[in-house]
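K.L.:
The structure's right below; bear with me while I get my questions together.
The values are calculated or read from the model by the stated rules, or taken from the named source; none is laboratory data. Computed from a predicted model, the values in this text were never measured in an experiment. Don't worry about glycine lacking a Cβ; one is built from the backbone with ideal geometry, like all the others, and counts go over all protein chains shown. Note: accessible area is taken over every heavy atom of the protein model, side chains too, but ligands, DNA and RNA are not part of it. Shrake-Rupley method; radii C 1.70, N 1.55, O 1.52, S 1.80 Å.
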Amino acid sequence: VPLKPGRSLMDWIRLTKSGRDMTGLKGRLVEVTEDELAKHNKKEDCWICIRGFVYNVTPYMEYHPGGEDELMKAAGTDGTDLFDQVHRWVNYESMLKECLVGRMAVKPIAAPKEGAYRKIIFFFFPWVSAKDLVSISKHWVGQIQFQLSVVTTQVYDWFQTDSLITIVIYTKQKDMNAEFVILDCEDKRLRGEIIVDDYSYLLEVDLEHAIQEDMAVNIAEKVGKVEIILKKKDNVRWKVLGQPLENHNTFMKRTDRGLFYRKCKLVSKMEVTHNTKLFCLLLPESTHLRVPTGQHVYLKQIIAGTEVVKPYTPVLPFLPLDFKEPSCHDSAHIYLMIKIYSCGLFTQALDHLQIGDYISVSNPEGSFKKSQVQTSEDLFLLAAGTGFTPMVKLLNFALTEVSCLRTVKLIFFNRTEDDILWRNQLEQLALKDERFEVQFILSQPIRDWVGKQGMISSSLLSEFVKRSRKDSKVLICICGPTSFTEQGVQYLKDLGYSQEEVHPFTA
């Protein structure tokens, strides 16, 4: 929402450093009960709990980019779930550290549901039959509160030669591929994450000896076996793999495992339009990371002493026009198409980065799965401005690897012609592939514009979003400013499209 003058992010940072008592408790930290939290549920007295910590967000009301009403949805309650749905990536600990009231009073922890047991048991004991899995999980649910550190054994092996260390992880996931394996090694600290649906298996260890920077990952997709190959720096015999760290050999929901960052070097910066640039970041040689189609990463910078985080969806360096074979993946670089706002604190800082400077990049996040496209016959992409970015890899994947698609249509909303990203490439693609069609819609066109104009509306969507046949399977992806996405989802619902047929990209 539009903020009042003097209510920018930088203004908030200045206020938090002014010495003002932001909590009203004169620096005291208190233990907060549910009853006490519930009393503070008004705009002039608003406390919110996030992950067990309570914040007085009253002074932040006028600075919140989403508006006061969004904060009030969690007033006097535990707002963790709402926070995670909207912007889990925001570093609230840094942004709200001066607003910290204290901790929530501890409550007994309920045991996980049976379904969660089964998923965890299956991962750690993949040889267990489905029938035994049911009986085992029922027994454990009834008898104990599940603790991974108690019941699990290692689900990985490691062995060595004179020059190599090989770590083998058994997942039994038949669709396992390189996008689901993330590795980082810095100062002998090895962190591996294996993604299994909405869960992560973590391998974190302080290695016994140093290794070389380049690592290799081999995956046996049919059985889900992951091999991590490390090169020894010295040809010495390792007695152990290393010292286990806090989250080593654990299995948890992805939303619970926090964000992990590594420093990436800026190697190029190219103009795309008058206010949008393509940034190319180089991953460390000791990192293995592939950002899946439809997922995003977070960039983190320290600005005026405060950590500021923003989400961006990686794109390809260009839009391929030949879809006969899957394109080769550039595994060393991440490309980000970013609009530079004249008053944008974060994007201005990005724009001032020099070639060779570093910025922190997180692990991939997002709920989109390729399987949503693989069974579709009609794919519609609704994008506004840089909401086009998740559509780039999605277009490439759909036209390259999804044979059942009849139509792929991009409806691209912008203010002016000068704002259209990769217009020439999109028009060439429409000529090259008969399945693909692009429709440009402008809200502020010049007089000689002969295309469509207007804002997203039910009438525009009813004109352009149509099934190729009555019962065709359709997927509609939408991305843009929050208001654009929310309105679009509602219009599509009004037009009769189900929740399963619409995927909004949100961070």
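K.L.:
Report the percentage of all Cα-Cα pairs in the stretch 373-447 whose separation exceeds 21 Å, rounded to a whole percent.
P.N.:
Tail of P(r) above 21 Å: 24 percent of Cα pairs.
K.L.:
Further question on the same structure: If we restrict to alpha carbons, what Rg and Dmax does the stretch 153-256 come to, in Å?
P.N.:
Radius of gyration, then largest Cα-Cα span, for the stretch 153-256: 13.3, 40 Å.
K.L.:
Another question, if that's okay. Give, as a single signed number, the net charge of other residues whose beta carbon lies under 11 Å from the beta carbon of Glu501, with Lys and Arg counted +1 and Asp and Glu -1.
P.N.:
+1
K.L.:
Under 19 Å Cα-Cα from Lys300, which lysines qualify once same-chain neighbours fewer than 8 residues away are excluded?
P.N.:
Correct list for Lys300: Lys97, Lys263, Lys265, Lys269, Lys277, Lys310, Lys339.
K.L.:
Here's another thing I want to ask about it. Give the Rg/Rh ratio for the chain, taking Rg as the radius of gyration of the Cα atoms and Rh as the Kirkwood radius, to two decimals.
P.N.:
Result: Rg/Rh = 0.97.
K.L.:
OK, next. What net charge is computed for the residues neighbouring Lys4, neighbours being all others with C-beta under 12 Å from the C-beta of Lys4, Lys and Arg scored +1, Asp and Glu -1?
P.N.:
Neighbour charge sum, excluding Lys4 itself: -2.
K.L.:
Order the following by accessible area, largest value first: Asp187, Asp330, Asp419, Asp78. Probe radius 1.4 Å; ligands, DNA and RNA are ignored.
P.N.:
Sorted descending by solvent-accessible area, the residues read Asp187, Asp78, Asp330, Asp419.
K.L.:
Say the dipole of the stretch 153-256 comes from +1 at the beta carbon of Lys and Arg and -1 at that of Asp and Glu; which of Leu245, Val205, Tyr170 then lies farthest toward its positive end?
P.N.:
Tyr170
K.L.:
Under the rule of -39500 (n - 2.57) per DSSP H run of 4 or more residues, summed and divided by the residues of the chain, what mean residue ellipticity at 222 nm is obtained, to the nearest 500 deg cm²/dmol?
P.N.:
After summing the helix terms and dividing by residue count, I get -6000 deg cm²/dmol.
K.L.:
Ok, one more. Among Ser286, Leu183, Phe436, whose Cα projects farthest towards the positive end of the dipole of the chain, with charges put on the beta-carbon of Lys, Arg (+1) and Asp, Glu (-1)?
P.N.:
Leu183
K.L.:
Enter the accessible area of Asp198 (Å², nearest 10), with the probe set to 1.4 Å and all protein chains included.
P.N.:
It works out to around 90 Å².
K.L.:
While we're on this one: Find how many whole Å separate the alpha carbon centroid of the stretch 327-375 from the alpha carbon centroid of the stretch 41-92.
P.N.:
27
K.L.:
Trypsin sites (Lys or Arg not before Pro) within the stretch 238-281: which are DSSP loop residues with at most 13 other Cβ atoms inside 10 Å?
P.N.:
Filter output for the stretch 238-281: Lys239.
K.L.:
So, by mean Cβ neighbours within 10 angstrom, what's the order for 207-213, 285-291, 169-175, 158-164 with the highest one leading?
P.N.:
The peptides rank, most packed first, as 285-291, 169-175, 207-213, 158-164.
K.L.:
If the cut-off is a Cα-Cα distance under 16 Å, which aspartates and glutamates reach Lys174, setting aside same-chain residues fewer than 8 apart in sequence?
P.N.:
In chain and number order, the partners are Asp197, Asp198, Glu221, Glu227.
K.L.:
Still on this structure, please answer the following. Which value results when the Cα radius of gyration for the stretch 11-84 is divided by 2.2 N^0.38 Å?
P.N.:
1.07
K.L.:
Can you return the lysines within cross-link range of Lys172? Criterion is Cα-Cα under 27 Å, with same-chain partners fewer than 8 residues away left out.
P.N.:
Candidates past the 8-residue exclusion: Lys113, Lys119, Lys131, Lys138, Lys222, Lys225, Lys231, Lys253, Lys369, Lys370.
K.L.:
Would you please name the trypsin sites (Lys or Arg not before Pro) within the stretch 400-440 that are DSSP coil residues with at most 11 other C-beta atoms within 10 Å of their C-beta?
P.N.:
Hits after loop and neighbour filter: nothing returned.
K.L.:
Hey, if we sort Ser462, Ser367 by accessible area with the 1.4 Å probe, largest down, what's the order?
P.N.:
Heavy-atom accessible area, descending, gives Ser367, Ser462.
K.L.:
With charges set only on the Cβ (+1 for Lys and Arg, -1 for Asp and Glu), what does the dipole of the stretch 261-365 come to about its Cα centre, in debye to the nearest 20?
P.N.:
Dipole of the stretch 261-365, to the nearest 20 debye: 160 debye.
K.L.:
Would you mind working out the accessible area per residue for the stretch 387-478, using a 1.4 Å probe, and quoting it in Å²?
P.N.:
With all protein chains present, the stretch 387-478 gives 49 Å² per residue.
K.L.:
OK, next. Report Met176's accessible area, 1.4 Å probe, all protein chains in place, as a number in Å² to the nearest 10.
P.N.:
Approximately 0 Å² of Met176 is accessible to the 1.4 Å probe.
K.L.:
Moving to a separate point now. If ligands, DNA and RNA are left out, what is the accessible area of Arg467 with a 1.4 Å probe, given in Å² to the nearest 10?
P.N.:
Around 80 Å² of this residue is reachable by solvent.
K.L.:
Quick one: with all protein chains in place, what share of the accessible area of the chain is carbon or sulfur, to the nearest percent (1.4 Å probe)?
P.N.:
So the carbon and sulfur contribution to the accessible surface is 50 percent.
K.L.:
Cα centroids of the stretch 458-483 and the stretch 161-208: how far apart, whole angstrom?
P.N.:
Between the Cα centre of the stretch 458-483 and that of the stretch 161-208, the gap is 39 Å.
K.L.:
Output the relative contact order of the chain, whole-number percent, from Cα pairs under 8 angstrom with separation of 6+ residues.
P.N.:
10
K.L.:
Could you sort Ile48, Ile446 by their accessible area in this structure, using a 1.4 Å probe and putting the largest first?
P.N.:
Listed by decreasing accessible area, they come as Ile446, Ile48.
K.L.:
Please list, by residue number, every one of the GluC sites (Glu not before Pro) in the stretch 1-100 that is coil in DSSP and has at most 14 other beta-carbon atoms within 10 Å.
P.N.:
Glu44
K.L.:
Keeping all protein chains in place, calculate the accessible area per residue for the stretch 153-256 (probe 1.4 angstrom), answer in Å².
P.N.:
Heavy-atom accessible area per residue stands at 51 Å².
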